[in-house]
Amino acid sequence: MTLKTSRAVGASLLVLASAAAASPVAAQAAPWTLHEAVGAPENLKLSGSIRARYETLEGQYRPAYGDGSDQGLVLRSTLFAELDLTPLRIGGEIIDARVYLNDRGSPTGTGDVNALELVQAYVAVDANDLFVTGSEASLTAGRFTMDLGSRRLVGRSSYGNATNAFAGLRADWSADAAGDVTLFYTYPLQKRPSDRASILDNEIETDRQNDDLVFWGGMYTTPTFADGGKLELFAFRLEEEDSPRVATRNRRLTTVGGRLVRNPAKGQFDYEMEGGWQTGETRNSTSAADRRDLDVDAQYLHLEVGKTFDAAWSPRVSLEYDFASGDESATDGDYNRFDGLFGPRRPDFGPPGAYGPLGRSNLNSPGVRLEVAPNKRWDAMAFYRALYLDEATDSFANTGVRDATGRSGDFAGHQFEARARYWVVPKSTRLEFGVAKLFNGEFLDDAPNATGGETLFGYVELNQTF
């Protein structure tokens, strides 16, 4: 299908979504739920979602794809069920993630396509008053998704089409006076298919897990402080080896860190400080000829302070700063580029997928964000970032653009992002629009493999939950 035709499809989606938003019937309709429709008993949770998003991109920044354009019709459907047989719970979830209208030059990958996959299939046991009166605990075994803390290092993708999932064991324990504890030992699901032709054809292939990729660790969260804040401490271990099917960098990474956070509230200041240190060993590439283990020493930092004003539209303004180390030298025997593990990149870095130049590697970026909520149906956000490299000789963030000499400088440019969302039917049907613009600095203009394209990205999305 041609670019002109695909954009006509996108325009059609926009018209249909806008018509749905303007419909008085839709505005007054009560949410339709699968649970009520099938008359499910109270101890059986049933839910699902269908999402359609049209994306378009002009001015490709990725060196491997020139400076052309890209587009896609991104579809995701989910179906979740959980049976509560107290103290036992049995649950499962299927995700069907596909992309259409793209072409052979599209960067569509495993983060976008995962057709008809069982991402959750678990058995959980719950217990109360374990060790402490009033405590709650659970032990989960099987396949499951995880959201830990801020989700910067471990989390389920919301904007992204496919999502991270794990197979193994997870234990959770919480008590008001003592805080929350999470421990896990898992084998991350390796998304299939992984070859480009099969991905572009949306082929169905079951994800796999094995002991060539192991991820384990834990997190502790304190009780809430007097000012409403809390402290999280975490330690994660990733162990990776080559397998007959997959060549890897043989990462053996330990990541430790913490997060101090106070959530936004009307009329109050809020804050967030999160940082981590990564150590261990890795190789510089996935090549079978690369047998040299490099010592890892990498860091990341997120700082944020904001205030939600007690005024019309409930505006919140926040100042944000993100840092992630880059590799100082390719020949010194050390590796300093931070690895973002299994964390989603939004909301910190803009939409991933067809866009997605930013990530938690070789980045030094201050920014300012404005959020408003005119009423219970509408909300909007605008976010500006200045973009610098931590190390001028390393590739910038997720772009793949690099100047090994460092002569192109460390100023990559600017990013502007905006989004608006509207509940057509509250808690059921949501319409979303978004745009992101990458303004090139000297590095993205002058680096040897830079495309020179100033990227403009936009999307319209309609999401139905039931």
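The values are calculated or read from the model by the stated rules, or taken from the named source; none is laboratory data. These numbers were taken from a predicted model, which means no experiment stands behind them. Reconstructed Cβ throughout: ideal geometry from the backbone, glycine too, with neighbour counts over all protein chains shown. Heavy atoms of the whole protein, side chains included, go into the accessibility calculation; ligands, DNA and RNA do not. Shrake-Rupley method; radii C 1.70, N 1.55, O 1.52, S 1.80 Å.
Data table
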quantity	calculated
Relative contact order (%) - the chain, alpha-carbon pairs under 8 angstrom, separation at least six	14
Whole-percent pair-distance distribution, where bins are 10 Å wide, for the alpha carbons of segment 188-273	14, 27, 22, 20, 15, 2
363, 341, 319, reordered so the largest accessible area comes first (probe 1.4 Å)	319, 341, 363
Under Karplus coefficients 6.51, -1.76 and 1.60, residue-wise ³J(HN,Hα) of segment 185-194 in Hz, glycine/proline x	9, 9, 10, x, 5, 9, 5, 10, x, 10
Anisotropy class of segment 223-324 from Cα gyration tensor, a/c 1.5 cut	prolate
Global geometry of segment 254-308, whether rounded, prolate or oblate, following the gyration tensor of its Cα atoms and the 1.5 cut on a/c	prolate
291, 430, reordered so the largest accessible area comes first (probe 1.4 Å)	291, 430
Average accessible area per residue (Å²) across the chain - probe 1.4 Å, nucleic acids and ligands excluded	45
Proximal charge balance of residue 159 [Cβ under 13 Å; K/R count +1, D/E count -1]	+4
Relative contact order, percent, segment 151-288 [alpha-carbon distance under 8 Å, six or more residues apart]	16
Solvent-accessible area, 1.4 Å probe, carbon plus sulfur percent, for the chain	58
Heavy-atom accessible area ranking, 1.4 Å probe, most first, across 414, 302	414, 302
Residue 158 paired with residue 64, simple spin-label distance in nm, labels 7 Å along Cα-to-beta-carbon	2.9
3J(HN,Hα) from dihedral phi, segment 45-56, Karplus parametrisation 6.51/-1.76/1.60, rounded to Hz, x for glycine, proline	8, 10, 7, x, 7, 9, 10, 10, 9, 9, 10, 9
Heavy atoms of residue 146 accessible to a 1.4 Å probe, total area in Å² rounded to 10	0
For segment 166-211, alpha-carbon Rg relative to the globular expectation (2.2 N^0.38 Å, N residues)	1.83
Phi to ³J(HN,Hα) by Karplus 6.51 cos²θ - 1.76 cosθ + 1.60 over segment 203-214, Hz, x for Gly, Pro	6, 8, 8, 5, 4, 10, 9, 7, 7, 6, 9, 10
Computed helical MRE - 222 nm, the chain, DSSP H runs ≥ 4 contributing -39500 (n - 2.57), nearest 500	-2000 deg cm²/dmol
Greater than 26 Å apart at Cα, pairs in 307/376; 266/376; 45/266; 266/427; 45/230	45/266; 45/230
